[in-house]
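Structure first, commentary second.
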Amino acid sequence: MMNTIIQVLPADDYKVYLYFAHGEIRLYDATEILEHGVFRVLKDKKVFADTCTVLNNTLAWDVKGNFDPYECLDLDPEVLYEKSITVEDPLIKYA
């Protein structure tokens, strides 16, 4: 089964809620990537939160603002699944 991300929700401290197509919600801590090459731009918390989106069926950051799937910073959804933890939907408390 290939993991497909259908929604993301940035959280505090460089974390992102990942909503997978099979219904699972997981929390990914992105601090480990912030010191690596092109991902350094995401150390700016505003850039991290404001450009966080879904492109290429995975978590991505549209740092250029053009929603071009070839110019975004994205991560492999399989790796994201392995490096994240299962959590409750944070949006339920607002329903």
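The values are calculated or read from the model by the stated rules, or taken from the named source; none is laboratory data. Bear in mind the structure is a predicted one, so any value in this text is a computation, not a measurement. Glycine also receives a Cβ, built like all others from the backbone with ideal geometry; neighbour counts cover every protein chain displayed.
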How about the stretch 51-87: which of its residues are in contact with a helix residue (DSSP H, G or I) (Cβ under 7 Å, 6 or more places away or on another chain) and part of a loop (DSSP other than H, G, I, E, B)? 57, 63
Hits in the stretch 25-57 - residues which are of a type in the set (D, E, K, R) and surrounded by 15 or more Cβ atoms within 10 Å (Cβ to Cβ): 26
So is residue 92 of a type in the set (Val, Ile, Thr) and more than 13 Å from the chain's Cα centre (by Cα) or not? yes
Considering (1) touching a Ser or Thr at 6+ places or on another chain (Cβ under 8 Å); (2) surrounded by 17 or more Cβ atoms within 10 Å (Cβ to Cβ); (3) without any contact (Cβ under 8 Å) to a residue 24 or more places away in the chain, say which one residue 13 fails and leave the rest. (2)
Spot the failing condition for residue 48; the list is (1) out of contact with any Ser or Thr (no Cβ under 8 Å at 6 or more places or on another chain); (2) in a loop (DSSP other than H, G, I, E, B); (3) modelled with pLDDT of 95 or more, and only one is missed. (2)
Search result, residues across the stretch 1-42 that are within 14 Å of the chain's Cα centre (by Cα), not hydrophobic (A, V, I, L, M, F, W, C) and not in a loop (DSSP other than H, G, I, E, B): 7, 10, 15, 17, 19, 26, 28, 29, 31, 32
Report whether or not residue 10 is in contact with a Cys (Cβ under 6 Å, 6 or more places away or on another chain) and not aromatic (Phe, Trp, Tyr). yes
Kindly list, by first and then second residue, each pair from a residue in the stretch 68-83 that is without any contact (Cβ under 8 Å) to a residue 24 or more places away in the chain to a residue that is among the hydroxyl-bearing types (Ser, Thr, Tyr), limited to pairs with Cβ atoms under 6 Å and residues at least 6 apart or on different chains. 74/58
